[in-house]
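Novice: Would you mind keeping the following structure in view while I ask a few things?
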Amino acid sequence: MARGDAEFVEFARACSGRLTHAAFLMTGNHHHAEDAAQTALVRTYASWSRIRNGDPYGYARSVLVNHLVDTWRRPIREYPSDDLPERSGGDLAEEVATRRWLVTALGTLTARERAVVVLRHYFDLPEAQVARELDVSVGTVKSTSSRALEKLRTAGLSAPRPQETCR
Amino acid sequence: MTEMDELRRAMRATERADGLDLDDIMRRGRRLRRRRRAGAAVAAMTAVLAVAFGVEAVATRPGPPNLPGGEPAATASAGPPAPTPTAALAPTQSPLQPLGTVVDSGIRYGADARVFFMVPIDVPELPRVTIGLVAGRRAPDGHLTSDFLLNDVSGSDRRAGFHEIGYDQQRAPTDTSIPTFGYFVGPAARIVGTVDGRQVEAKLARWSEDPQVVIFWFDPKTLTPGTRLDGIIARDPQGHRL
């Protein structure tokens, strides 16, 4: 395997889970999320020689988000899904509850609100960068983020807390 | 804990290992890379064809070209934006006068300005191709230099939609890199290109001789010259895709 390929494999293994999860948060659908993450990594690999010495993770994230945004612009509706992935380790019941809460909470938001929330609070990007990646103004990011938070408050959603004891 | 804190915690708590098929990703990535390279090769071939057809507006000798400075016709100003497919030519000298206004892109190379203008061309095999779009430079004294002539190599130069797109052919950026440019025929109010999942908006200017012809180019700050576009669309003033 060429050195560049080995680097890409290492990179993809390290970040594919996070990219897939971000896509899931934005679409609420595991299948669409895996497709989107796969597409982002395909394009990242196609440009690998050009970007490998820069910020390949930022590149992949940007491709992912724009791919999803492009998808939303097409007349395709996506719906939250309840399907739960297999997972080993940890408290499965708690995770199931948290995931359900998460899907419900994010499902109250529009596609753009979800994208802003994920970029800001999952990827922890500054507002200016979120604006660049979504090709909107910083003001739009602020107002969208604020609206999303307000929706969550109005919905009265509260994440399930980890159970300390269970008798 | 605020809602956002809870949301943040939940988003992280539900991360999971994924099962993406890396072999498939790399296979598709290689295919995409090959397609991009093939596209670039086709563009280069198209340019060569244009030369072979004997486009009068272009001399195939490399070297600084000049247009009789004369009256740098009226100058149109630019509006905004978009990108896509291509065909291009190496720097040449054009003895022809611009047809209509010379469009000032606002891009400067020292004292020279990047300009775009139409020139008449005559290709016996292509009777419906009579104009070509030049990416040139205008010196302070009004002299025009032609860097790149772009013209159709089939059909009609007034066919609705996108025509050939010109990409800088240099392998490395130069001081006078040519922005990605071209023209669209139709009521385009916006032209937007996609590259590597990112959208870039083109600058627009209508051609003085035919307002249906919309000259567009991408600011080198937003689209590195020579970067191939993955796609390009035009929208009318109401935002409908053309």
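The values are calculated or read from the model by the stated rules, or taken from the named source; none is laboratory data. Predicted model only: the values in this text are computed from it and were never measured. Reconstructed Cβ throughout: ideal geometry from the backbone, glycine too, with neighbour counts over all protein chains shown. Quick note on the areas: whole protein, heavy atoms, side chains included, nothing else; ligands and nucleic acids left out. Shrake-Rupley method; radii C 1.70, N 1.55, O 1.52, S 1.80 Å.
Novice: Tally up the residues in the range A:40-62 that are surrounded by 20 or more Cβ atoms within 10 Å (Cβ to Cβ), among the hydroxyl-bearing types (Ser, Thr, Tyr) and either farther than 19 Å from residue B:34 by Cβ or more than 8 Å from chain B (Cβ to nearest Cβ) (or both), please.
Specialist: 2
Novice: Right, something else. Inside the range B:135-242, counting only strands (runs of 3 or more DSSP E) that do not spill past its ends, which hold 3 or more residues that are away from chain A (no Cβ under 14 Å) and open to solvent by 10 Å² or more (accessible area, probe 1.4 Å)?
Specialist: Values: elements: B:144-150, B:161-166, B:181-185, B:190-195, B:198-201, B:203-207, B:210-217, B:231-235.
Counting at least 3 such residues, we get B:161-166, B:203-207, B:210-217.
Novice: Can you report the number of residues in the range A:26-70 which are in contact with a His (Cβ under 9 Å, 6 or more places away or on another chain) and within 21 Å of residue A:10 (Cβ to Cβ)?
Specialist: 4
Novice: Do you know which residues across the range A:104-118 are among the small types (Gly, Ala, Ser) and within 15 Å of residue B:11 (Cα to Cα)?
Specialist: A:105, A:107, A:115
Novice: Something else about it: Being within 22 Å of residue B:230 (Cβ to Cβ), more than 7 Å from chain B (Cβ to nearest Cβ) and of a type in the set (S, T, N, Q) is the filter here, so list the residues in the range A:1-39 that pass it.
Specialist: Within the range A:1-39, A:27, A:39 meet the criteria.
Novice: Okay, moving on. Could you tell me whether the range A:141-157 includes any residue that is at pLDDT below 80 and open to solvent by less than 20 Å² (accessible area, probe 1.4 Å)?
Specialist: yes
Novice: Next question, about the same structure. Which members of the range A:115-128 meet the condition of being open to solvent by 30 Å² or more (accessible area, probe 1.4 Å) and within 11 Å of chain B (Cβ to nearest Cβ)? So that I can check it myself, show each step before the final result.
Specialist: As a first pass, look at the range A:115-128 and keep what is open to solvent by 30 Å² or more (accessible area, probe 1.4 Å): A:120, A:124, A:126-128.
Result: A:120, A:124.
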